[in-house]
Amino acid sequence: MELRQMEVVVAVAEHGGFTAAARQLHVVQSAVSGTVRALEKELGVRLFERTTHRVTLTSAGAAFVPAARAALRAAELARTAADEARGVLRGVLTIGTMQGVWLGLDRVLGELRAEHPGLTIRLHQAAAADIRAGLRDGTVDAAIVAFDRQQQRGLTVRSLACEAMVLAASPQRAFDHPDRVRFEDVAALPFVDFAPGWAVRAAVDRAFRTAGVERDPVFEVNDIVAAAELVRHDLGVCVLPESIAARFPDLALRRFPVGRPRWDVAVVCPAGDPTPAVAALLRHLG
């Protein structure tokens, strides 16, 4: 069994088919199919069920793929260790991120690439639950995220920033005060909310729950720019981290004087010693 064979099987599993895996691996589909068949023959089991419309893992395949991922990761760590001994980092560093969580990450990544030009950096943008799953199964190496305490369990967490969240509204919408607002003042307003699973949504839900106030989500979006557009046209109000809201200077911002939602951003890694690439990232994050 070769590492390349395991890489092909993992690609088929992750991308849901031979054609998509071939595209990802930059080879022809027949090469992917041939590699899988050869490995199945060697192992004496079928790894995939094939139909005309879909490719799914068999029970043997479902057991094989996590072990293959672990083997590929171990091989990558071995190569990285050898490179590190020469002062060189190579391979792929996958960083999980959420929309709006930036915090100078462009500067950090620029410094990291300048120091290690052989390192490929892959940004994986997803909801909090998906990033946490990636950290646990090894498909995400580190994450810059806003996890709550429950999501942090079993992971190594280092705080990067903490800020208040504010209410963003159209300048045309009238309020009693120009710069502050209470939860009960906005409970009856139409809300632009992010989809469940988003860190912003979880923080806002907690704050309103703690205040004993219910709100009415009229719109659910999965994009910050879309949320701002809805607010700009006075179709609703939205609670955002202040640093994100500041990107839209034409919106009117108001603070919650009591019980304000908090946006806590941290760098999160799997428990244990970090890989050399993750350690380099942590150094540049300061």
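Ignoring everything except DSSP H segments at least 4 long, calculate the 222 nm mean residue ellipticity for the chain; use -39,500 (n - 2.57) per segment, divide by total residues, nearest 500.
-13500 deg cm²/dmol
Contour minus end-to-end for residue 38 and residue 1, with contour as 0.36 nm per residue of separation and end-to-end as the Cα-Cα distance?
Full extension from residue 38 to residue 1 adds 12.4 nm.
Using the membrane-span-like helix rule (whole DSSP H runs, Cα extent along the own axis of at least 30 Å, mean Kyte-Doolittle hydropathy at least 0.0), which helices of the chain qualify?
Both cut-offs are met by 59-85.
Note down the magnitude of the dipole of the stretch 233-282 about its Cα centre, charges +1 on Lys and Arg C-beta and -1 on Asp and Glu C-beta and zero elsewhere, to the nearest 20 debye.
The dipole of the stretch 233-282 has a size of about 200 debye.
Pick from 49, 214, 229: which residue has the top mean-square fluctuation in a GNM of the chain where Cα pairs under 10 Å get a spring?
Evaluated over the chain, the most mobile residue of the options is 49.
Order by neighbour count: 282, 160, fewest other Cβ atoms within 10 Å first, most last.
282, 160
Which value, in debye to the nearest 20, describes the size of the charge dipole of the chain about its Cα centre when Lys and Arg Cβ atoms bear +1, Asp and Glu Cβ atoms bear -1, and nothing else is charged?
Around 520 debye, computed over the chain.
What order, most packed first, do the peptides 270-277, 215-222 have when packing is the mean number of other Cβ atoms within 10 Å of each residue?
270-277, 215-222
Estimate the FRET efficiency between residue 15 and residue 189 by the formula 1/(1 + (r/R0)^6), using the beta-carbon distance for r and 41 Å for R0, to the nearest 0.05.
0.45
Quick check on the chain: of the DSSP beta bridges with both residues there, what percent are antiparallel, nearest 5%? Each step should come with its number before you reach the end.
On the way: 23 of 40 bridges.
Percent antiparallel among DSSP bridges in the chain is about 60.
Work from the charge dipole of the chain (Cβ charges, +1 for Lys and Arg, -1 for Asp and Glu, about the Cα centre) and give the residue of 261, 78, 160 farthest towards its positive end.
78
What's the center-to-center distance, using Cα atoms, between the stretch 218-286 and the stretch 58-99 in Å?
What the calculation gives is 29 Å, centre to centre.
Counting only Cα, what are the radius of gyration and maximum Cα-Cα distance Dmax of the stretch 160-264, in Å?
Answer for the stretch 160-264, Rg first and Dmax second: 12.2, 35 Å.
Give the Rg (one decimal place) followed by the Dmax (whole number) of the chain, computed from C-alpha coordinates and expressed in Å.
Cα only, the chain: 23.0, 74 Å (Rg, Dmax).
Once you compute Rg and the Kirkwood Rh from C-alpha atoms, what is the Rg to Rh ratio for the stretch 1-144? Intermediate values should be presented prior to the final figure.
On the way: Rg = 17.2 Å, Rh = 16.9 Å.
Using Cα coordinates only, the ratio equals 1.01.
Throughout, read-outs are computed from the coordinates displayed, never taken from laboratory work. These figures come from a predicted structure and were not determined experimentally. Positions of Cβ are backbone-derived with ideal geometry, glycine not excepted, and every protein chain shown enters the neighbour counts.
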